[in-house]
Each structure stands twice: as structure tokens, then as C-alpha cells.
Amino acid sequence: MNILVIGGGGREHAVIKSLKKNKSVETIYALPGNGGIAKDAECYPIKATDLEGIVAFTKTHKVDFAVVTPDDPLVLGLVDELEAAGIPCFGPHKNAAILEGSKVFSKQLMKKYGIPTAASETFTDADKAIAYLKNSAYPAVIKADGLALGKGVIIAQNFSEAEQAVRDIMCDKVFGASGNSILVEEFLTGPEVSVLSFTDGKTVVPMISSMDHKRALTGDKGLNTGGMGTVAPNPYYTEEIAKECMERIFLPTVEAMNKEGRTFRGCLYFGLMLTPNGPKVIEYNCRFGDPETQVVLPLLKSDLLEIMQAVHDGTLSSDKVKFKNGAACCVVVASGGYPQKYNSGYPITLPQTGADEYIYIAGAKEENGTLVTAGGRVLGAVAARDTLEEAVKDAYALAAGVRFEHAYMREDIGAKALAALK
Ligand code: AMP
Ligand code: GLY
């Protein structure tokens with residue numbers, strides 16, 4: 001079988017390495033892939049958002065199954081276009097990807113179907129939003145409706161910050177049309193948990209839970225990033241909470257989407273906060289998380305391609321998705337300065353990986369036979385072990401062997417999780 005994977009980050013590298021374990025896989029094409037993925041797949045420089053280019057590629061290359069991983073092509077409707085061209089896909093259709101594509105849509109869905117989430121108001125007019133924010137409680141959470149490269153959430157500590165955020169998003173359109181509407185949301189507190197799940201629209205099978213580390217610097221300081229590291233499982237996510245989430249959040253979400261005529265098939269990501277009043281949805285994503293995938297897939301015992309095919313065929317069942325006991329940790333090694341200004345083009349030296357160790361390349365390209373940095377998050381160093389303590393220690397030992405100029409990593413990935421275990 002020939003598989004097409006859309007995207008070119010660390011998450012896609014992890015997906016591709018997992019897919020390759022299936023013996024029937026002959027060739028994996030990655031569009032656009034990256035310099036590290038090129039060791040595991042044939043990469044072609046076609047952007048993930050170039051829907052026409054991708055469909056054209058499938059006319060000249062035999063593709064038996066496609067995996068669409070990033071949010072933007074999903075929200076743009078790539079799965080619909082590929083399926084119209086006769087290619088079976090893993091990933092939601094456009095009308096279901098709206099769960100991530102519009103925060104206003106997902107908030108209305110949760111309200112309509114009684115799915116626990118933060119209280120909120122929607123605004124399409126900046127003056128009305130600002131008038132409302134004058135009398136709000138602080139901190140207040142302001143969210144652009146559409147996709148914003150993970151930057152569309154602002155936690156305003158006071159009215160002046162809130163007013164500035166509304167003007168940036170709605171008047172200056174710093175996130176483009178994504179800021180035509182905004183949500184003003186109640187500020188929730190509690191541990192955050194990422195739960196990725198497989199669903200074929202009938203059955204939902206959660207994967208092992210994980211914990212992201214979104215701030216750039218050690219000690220949860222600095223700006224928000226795409227994610228500086230992850231651990232799985234998340235120790236706050238007990239069996240009791242998992243059961244409650246299944247009954248009150250996961251199944252109701254999938255059923256709500258069916259009732260709306262928007263059946264979701266693919267990876268449905270639940271961003272949860274475990275508040276004093278129970279688990280609540282912070283966000284839905286219509287795809288695998290990055291860098292959550294880098295710790296979840298190394299613990300998957302079952303065959304990823306078979307699961308993805310079952311999701312597509314509508315034959316998913318929980319016995320098809322088994323995880324190992326144990327834990328994994330991913331330490332992201334980034335370009336110093338990320339998520340703001342940083343330089344690229346530095347040669348990268350990689351360490352040898354041992355058993356259950358992985359280097360997933362995210363922001364790197366090949367130049368004259370050398371791998372050089374080409375992005376903010378350059379790679380993830382991952383170790384899977386019997387215990388979280390060993391996984392964290394060995395992921396850091398692996399990351400210490402990664403060399404490039406101005407490399408930066410947080411020093412405390414997993415620290416909060418280890419403290420919670422004690
Ligand atoms: P998102 O881009 O939706 O993942 O949001 C980014 C981060 O903002 C989340 O991981 C939370 O830490 C925080 N956040 C979002 N919504 C809320 C909320 N209602 N209350 C508190 N924090 C929030
Ligand atoms: N790591 C968060 C995300 O993928 O959205």
C-alpha cells in the first residue's frame with residue numbers, strides 16, 4: 001500500500017514512523033514533509049494548504065490511503081476533495097472539522113447539548129465586546145473564533161489588556177478573518193489534560209492521556225508556544241475522571257455532531273481542564289496534537305494503519321486500540337528565541353537512539369546532505385519507559401546529545417507530572 005501523509009512537523013514524523021510498522025506499507029509520501037521525515041518517507045514540496053496541488057499529486061502517484069494531519073487543510077476541506085478524487089482518508093470532513101475551525105460553533109454546540117465548558121458570550125462587534133468587558137470579572141479569556149496558529153487565546157488580567165486584545169483581533173485583524181467574531185470566556189482553573197481519541201462517528205476510543213507544556217521557558221514562564229514538551233499518561237487524569245469524561249463529554253460530543261449532520265471521523269482531541277466543578281472542555285481540535293502525538297504513539301501497541309482504516313470504514317472498536325503500560329516523555333529542542341525572533345540554518349548533530357527512543361524532526365531541512373535548523377521547534381527527543389520518572393530522565397539524556405547552535409529546551413518537562421504522582 002502507498003500512503004499519503006499531509007503535513008511536515010514532529011507530529012507527522014511520529015505518525016509516519018508508526019505507520020511504517022505495518023508490513024503492507026510500501027511507500028509513504030509526505031507533503032511537504034521535512035528534512036528529517038525524508039529519511040522515512042518520500043517528501044515533495046507541496047504545501048499542506050495547497051488543496052489543488054495535493055489532489056493533482058494523487059493523479060500522478062498511486063495513493064491507496066491518505067492521512068490528513070494539520071488543522072488548516074482539514075478546515076479547508078481537503079478530506080472532501082481527496083475522497084471526491086477516490087482516495088480514502090483518515091481525517092474529518094470539512095463540515096466536522098469546524099469543531100476546531102470555529103470556536104463560536106463549538107461553544108454553541110456545547111451549550112445546546114449540555115457539554116461542560118466555560119461560560120461565555122459571543123461578539124461580532126468590537127464596541128459591544130469592549131462595553132461588556134468593562135464590567136467583566138478578571139482575568140477574562142478572549143478567543144478569536146477561527147484558526148490563529150495557536151495564538152488566538154488571550155488571558156487579559158484587566159480591562160485595559162482586554163480592550164487591547166479586542167482591538168487587535170477585531171479592528172486590526174491580527175489573525176485575519178479568524179477575528180470577525182470573538183468569544184469572551186470565564187477564566188477556569190485546574191490541571192489541563194489533553195485526550196486524543198479515535199472516532200468513526202459511532203464509537204469513541206480515547207488514547208492514553210497526556211500533558212502539554214505550552215509556555216516557552218522553564219517554570220511555565222515566557223510566551224505561549226505550540227508546545228515545548230509532553231508526557232503521557234497525565235497523572236491527574238484518573239480512571240474515575242476518564243469515566244466521567246466519556247459519559248459527559250466524549251460520547252455527547254460525537255452524538256451532538258451526528259445530530260447536527262456533521263459526523264466526525266478521525267482524531268478528535270479534547271483539551272480539558274479539571275476544574276473544582278468537574279472536567280470542562282477548553283478546546284476541541286479536529287486532529288492529533290503536536291507534541292502530544294510524539295508521546296502517545298510510542299505507547300500504542302496496536303497497528304496505527306489498521307485503526308485509521310477502521311475509523312474510515314466505520315468499524316472502530318475499543319479492542320482495536322491497545323496501549324502499553326508505561327510512560328513517555330518528549331522534550332522539544334527549539335531554536336533560541338522561539339516563539340519570537342530566532343535564526344535558522346545551523347547544522348544539527350543527532351544522537352544515536354536506543355530501544356524505545358525516538359527523535360522526531362519538526363523544523364529542519366536538508367542542505368547539501370546536512371540537516372540544518374529551519375524552524376522554531378526543531379525536534380522532539382522522546383523516550384518510552386516503564387515509569388514516568390525513567391521516561392523523563394532518558395528523554396533528557398537523549399536531548400542532551402542533540403547539538404546545534406543556540407539550541408534551547410525547557411528544563412522541567414514532566415516535573416509537574418512527577419510531583420503529582422508523589
Ligand atoms: P487554546 O489555544 O485554546 O489551546 O488555549 C490556550 C491556553 O489558554 C489553554 O491551554 C489554557 O491554558 C488557556 N485557556 C483557554 N481557555 C481558558 C479558560 N476558559 N480559562 C483558563 N484558561 C484558558
Ligand atoms: N499541543 C496543542 C495542540 O496541538 O493544539
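Observations, loosely collected:
- Complete set of residues in the stretch 383-407 that are hydrophobic (A, V, I, L, M, F, W, C) and in a loop (DSSP other than H, G, I, E, B): VAL402, PHE404
- Residue match in the stretch 237-245 (condition: closer than 21 Å to VAL321 by Cβ and either modelled with pLDDT under 95 or not in a helix (DSSP H, G or I) (or both)): yes
- Reported count of residues in the stretch 211-235, each being in contact with a Leu (Cβ under 6 Å, 6 or more places away or on another chain) and within 14 Å of ligand 1 (Cβ to nearest atom), is 1.
For every residue, the table says whether it meets (1) within 13 Å of ligand 2 (Cβ to nearest atom); (2) assigned to a loop (DSSP other than H, G, I, E, B); (3) within 24 Å of LEU149 (Cβ to Cβ).
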position: LEU251; (1), (2), (3): no, no, no
position: ALA256; (1), (2), (3): no, no, no
position: THR263; (1), (2), (3): no, yes, no
position: PRO279; (1), (2), (3): no, no, no
position: ARG287; (1), (2), (3): yes, yes, yes
position: ASP290; (1), (2), (3): yes, yes, yes
position: PRO298; (1), (2), (3): no, no, no
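- Failed item, numbered, when SER178 is tested on (1) within 16 Å of ligand 2 (Cβ to nearest atom); (2) assigned to a helix (DSSP H, G or I); (3) loosely packed, with under 15 Cβ neighbours inside 10 Å: (3)
- Looking only at the stretch 118-155, and only at residues there that are assigned to a strand (DSSP E or B) and away from ligand 1 (no atom under 11 Å from the Cβ), the one that is nearest to LEU99 (Cα to Cα): THR122
- GLY278, sole failed condition from (1) of a type outside the set (S, T, N, Q); (2) touching a strand residue (DSSP E or B) at 6+ places or on another chain (Cβ under 7 Å); (3) within 16 Å of ligand 1 (Cβ to nearest atom): (2)
- Residue in the stretch 148-155 that is surrounded by fewer than 19 Cβ atoms within 10 Å (Cβ to Cβ), within 16 Å of ligand 2 (Cβ to nearest atom), touching a residue at least 12 places away in the same chain (Cβ under 8 Å) and over 28 Å from TYR236 (Cα atoms) present: yes
- Count - residues of the stretch 250-266 that are buried (at least 23 other Cβ atoms within 10 Å of the Cβ) and either among the aliphatic types (A, V, I, L, M) or within 16 Å of ligand 1 (Cβ to nearest atom) (or both): 2
Residue-wise test of (1) among the basic types (Lys, Arg); (2) more than 16 Å from ligand 2 (Cβ to nearest atom); (3) under 21 Å from ALA310 (Cβ atoms).
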position: GLU42; (1), (2), (3): no, yes, no
position: LYS47; (1), (2), (3): yes, yes, no
position: GLU52; (1), (2), (3): no, yes, no
position: PRO73; (1), (2), (3): no, no, no
position: VAL79; (1), (2), (3): no, yes, yes
position: GLU83; (1), (2), (3): no, yes, yes
position: VAL104; (1), (2), (3): no, yes, no
position: GLY114; (1), (2), (3): no, yes, no
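- Residues within the stretch 77-99 that are among the β-branched types (Val, Ile, Thr) and more than 18 Å from GLU52 (Cα to Cα), tallied: 1
- Close pairs from the stretch 395-422: first of a type outside the set (Lys, Arg), partner part of a strand (DSSP E or B) and surrounded by fewer than 22 Cβ atoms within 10 Å (Cβ to Cβ), Cβ under 6 Å, at least 6 apart: LEU398/GLU357
- Scan of the stretch 47-71 for residues that are touching a helix residue (DSSP H, G or I) at 6+ places or on another chain (Cβ under 9 Å) and either more than 26 Å from SER102 (Cα to Cα) or acidic (Asp, Glu) (or both), ordered by number: ASP50, GLU52, THR58, VAL63, PHE65, ASP71
- Selection from the stretch 352-382 of residues that are assigned to a loop (DSSP other than H, G, I, E, B) and closer than 17 Å to GLY10 by Cα: THR353, ASP356, ALA362, GLY363, ALA374, GLY375, GLY376
- So PRO92, is it buried (at least 18 other Cβ atoms within 10 Å of the Cβ), more than 16 Å from ligand 1 (Cβ to nearest atom) and touching a residue at least 60 places away in the same chain (Cβ under 8 Å): yes
- Qualifying residue in the stretch 196-210 (condition: within 13 Å of ligand 1 (Cβ to nearest atom) and either closer than 17 Å to SER120 by Cβ or out of contact with any His (no Cβ under 6 Å at 6 or more places or on another chain) (or both)): yes
- Selected residue (criterion: farthest from ligand 2 (Cβ to nearest atom)) from residues of the stretch 130-147 that are hydrophobic (A, V, I, L, M, F, W, C) and farther than 20 Å from LEU188 by Cβ: ALA131
- Any helices (runs of 4 or more DSSP H) falling wholly within the stretch 46-99 and containing at least 2 residues that are within 23 Å of GLU260 (Cα to Cα): 71-76, 78-84
- One residue stands out in the stretch 105-117 among those that are surrounded by fewer than 19 Cβ atoms within 10 Å (Cβ to Cβ) and either touching a Lys or Arg at 6+ places or on another chain (Cβ under 6 Å) or without any contact (Cβ under 8 Å) to a residue 60 or more places away in the chain (or both): the one that is nearest to VAL75 (Cα to Cα), namely PHE105.
- Strands (runs of 3 or more DSSP E) wholly inside the stretch 183-222 containing at least 3 residues that are hydroxyl-bearing (Ser, Thr, Tyr) and either at pLDDT 95 or above or within 16 Å of ligand 2 (Cβ to nearest atom) (or both): 192-199
- So LYS324, is it among the charged types (D, E, K, R) and farther than 30 Å from MET246 by Cβ: no
The values are calculated or read from the model by the stated rules, or taken from the named source; none is laboratory data. What you see is a predicted model, and the numbers here were worked out from it, not measured in a lab. Cβ atoms come from the backbone with ideal geometry, glycine included; neighbour counts cover every protein chain shown.
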